[in-house]
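Each remark here refers to the structure printed beneath this line.
The values are calculated or read from the model by the stated rules, or taken from the named source; none is laboratory data. Since the structure is predicted, the reported quantities are computational estimates derived from the model, not experimental observations. Every residue, glycine among them, receives a Cβ derived from its backbone with ideal geometry; neighbour counts consider all protein chains shown.
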Amino acid sequence: MKQEKLLYLETFGCQMNVSDSEKIVALLKGIGYGETSEAAQADLILLNTCSIRATAENRMYGHLGKFKSLKKRKPELIIGVGGCVAQQEGEQLLRKAPFVNLVFGTHNLQLLPEMVRAAAAGKRRIETTFIDNEERFDLFPITGAEEGGVTRFVTVMQGCDNFCSYCIVPYVRGREISRKAEKVVQEIAQLAAAGVTEVTLLGQNVNSYDLKSPGEPDFPELLHMVAQIEGIKRLRFTTSHPKDISERLISCFAEIPKLAPHIHLPAQSGSDRILAAMNRGYTRAQYLEKIAALKSACPGIQITGDIIVGFPGEDEAAFEDTLSLVEEVQYADLFSFIYSPRPGTKAAELPDDARRAEKQPRLERLQERQRQVTLGRNQSMVGTVQQVLVEGPSTSGEELFGRTGGNRGTIMMGERSLAGRVVDVRIIEGLQTLLRGEIINA
């Protein structure tokens with residue numbers, strides 16, 4: 001019997017990369033590769049990369065360097081780099097890391113089996129061509145359909161047409177392209193039949209999902225279609241651009257019981273001057289109007305967001321505007337970073353006089369305040385009863401882990417057979433990153 005070859009895969013970055021990595025595993029399983037968590041055991045090492053910030057890119061190169069010595073000891077080892085850094089760097093990546101065998105861009109996953117076979121035959125390959133055709137979404141096995149599971153990401157669109165001045169996504173993921181609704185529904189129905197109970201509809205800007213063809217649904221209509229699929233108990237989506245979130249989409253939180261009361265709505269700044277420089281397409285007041293409408297449609301909705309600190313031109317007054325926005329919104333969680341110039345973007349050309357020594361304390365102030373808000377919000381849930389979708393055992397293995405509708409991670413004692421079920425949980429402790437509760441019915 002032929003021995004199975006082993007794949008070691010590292011994933012960096014966003015949920016789209018996580019989804020792409022699931023596709024990679026499924027594709028390579030088709031040519032005889034199983035997974036391993038030990039790089040030293042692998043016959044094939046792949047890094048699925050992120051270039052949204054310089055730190056993520058540098059981290060990838062650091063990880064890649066660790067495998068150079070493995071390649072020396074095991075010359076037949078195949079090493080490949082995919083994702084956004086691969087799309088951005090292209091042939092330059094092969095020059096920087098001559099021990100790499102293959103480079104594949106964000107639109108080229110379907111070529112991986114062929115590229116791996118070529119690498120095994122001693123040929124280096126690079127594929128970074130954009131494929132602007134919605135049919136490419138359906139060139140992959142439906143991940144999770146075989147092994148079942150509780151939650152899955154389902155891609156509904158990819159790319160972005162907004163060209164925020166700091167953002168590299170349009171350059172590494174391409175322009176917006178939406179997937180046919182019938183294909184989305186078909187995939188989710190297949191996942192539901194295999195035991196998946198929660199799906200997250202995924203895209204760089206799901207609000208602008210639209211095939212722009214007669215008779216095709218827009219995003220609110222797609223949400224209604226997915227909610228009707230038997231077996232799906234909870235529905236989520238990410239990520240949303242504030243300028244594109246419509247009244248009809250906001251209304252979905254009131255109209256669709258399966259739609260989880262949580263939205264990720266990145267503000268990026270609280271200063272109108274900085275928002276204009278970022279080319280975000282909305283003002284602070286318009287953003288807050290959207291937040292108010294969401295809270296009105298769905299009282300108790302949990303809102304998370306992103307903030308960039310130290311964007312070119314941000315002074316103390318602009319940063320104070322951001323702090324006050326964060327205070328007003330009261331985010332459940334906030335992802336915040338110091339601005340990182342990305343090659344090819346408009347913001348990379350802007351003068352930036354502020355030093356890191358000024359930006360770092362601002363970031364620390366923001367993050368400390370958000371930690372206090374998050375902890376306070378979690379503690380305020382003590383004594384409430386939350387509906388928790390049980391995903392499986394916690395990391396300790398002694399408890400169960402699940403998420404509330406508002407996307408708060410929750411641990412509790414219970415039988416593993418509860419995985420996939422929504423149970424009522426009384427919250428008994430609010431921690432910094434988790435809730436602890438007890439199941440009151442099952």
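Let me confirm something: among Ser296, Ser240, which residue is within 26 Å of Val385 (Cβ to Cβ), of a type in the set (Ser, Thr, Tyr) and either assigned by TED's automatic domain parsing to the domain that holds Val154 or not in a strand (DSSP E or B) (or both)? Before the answer, list the steps.
Values: Ser240 fails: within 26 Å of Val385 (Cβ to Cβ).
Residue meeting the stated conditions: Ser296.
Here's a check for you: in region 112-138, which residue that is aliphatic (A, V, I, L, M) and at pLDDT 90 or above is surrounded by the fewest Cβ atoms within 10 Å (Cβ to Cβ)? Walk me through how you get there before you give the answer.
First, the residues of region 112-138 that are aliphatic (A, V, I, L, M): 112, 115-116, 118-121, 126, 131.
With at pLDDT 90 or above added as a condition, the list becomes 112, 115-116, 118-121, 126.
Working: Leu112: 23, Met115: 22, Val116: 26, Ala118: 16, Ala119: 20, Ala120: 15, Ala121: 7, Ile126: 19.
Here the residue is Ala121.
Could you please give the count of residues in region 286-321 that are at positive phi and either surrounded by fewer than 19 Cβ atoms within 10 Å (Cβ to Cβ) or hydrophobic (A, V, I, L, M, F, W, C) (or both)?
Taking region 286-321 first, the residues at positive phi are 300, 310, 313.
Those left that are additionally either surrounded by fewer than 19 Cβ atoms within 10 Å (Cβ to Cβ) or hydrophobic (A, V, I, L, M, F, W, C) (or both): 300, 313.
Of the residues in region 286-321, 2 are at positive phi and either surrounded by fewer than 19 Cβ atoms within 10 Å (Cβ to Cβ) or hydrophobic (A, V, I, L, M, F, W, C) (or both).
Taking region 374-415 as the region of interest, how many residues are among the aromatic types (Phe, Trp, Tyr) and loosely packed, with under 14 Cβ neighbours inside 10 Å? Even if it seems obvious, please write down each step before you answer.
Of the residues in region 374-415, the ones among the aromatic types (Phe, Trp, Tyr) are 401.
From the residues that got through so far, the ones that are loosely packed, with under 14 Cβ neighbours inside 10 Å too are none.
Residues in region 374-415 being among the aromatic types (Phe, Trp, Tyr) and loosely packed, with under 14 Cβ neighbours inside 10 Å: 0 in total.
Which of the residues belonging to region 369-418 are part of a helix (DSSP H, G or I) and closer than 23 Å to Leu334 by Cα?
Answer for region 369-418, where residues must be part of a helix (DSSP H, G or I) and closer than 23 Å to Leu334 by Cα: Arg369, Gln370, Arg371, Gln372, Val373, Thr374, Leu375, Gly376, Arg377, Asn378, Gln379, Ser380.
Going by the conditions given, is Ser324 surrounded by fewer than 14 Cβ atoms within 10 Å (Cβ to Cβ) and either touching a His at 6+ places or on another chain (Cβ under 8 Å) or in contact (Cβ under 8 Å) with a residue 12 or more places away in the chain (or both)? Before you say what the answer is, go through the steps one by one.
Numbers: surrounded by fewer than 14 Cβ atoms within 10 Å (Cβ to Cβ): yes; either touching a His at 6+ places or on another chain (Cβ under 8 Å) or in contact (Cβ under 8 Å) with a residue 12 or more places away in the chain (or both): yes.
Against the criterion (surrounded by fewer than 14 Cβ atoms within 10 Å (Cβ to Cβ) and either touching a His at 6+ places or on another chain (Cβ under 8 Å) or in contact (Cβ under 8 Å) with a residue 12 or more places away in the chain (or both)), Ser324 qualifies.
Residue by residue through region 25-54, note down the ones that are among the charged types (D, E, K, R) and closer than 14 Å to Lys66 by Cα.
Keep residues of region 25-54 that are among the charged types (D, E, K, R), which gives 29, 35, 38, 43, 53.
Scanning region 25-54 gives a single hit, Glu38.
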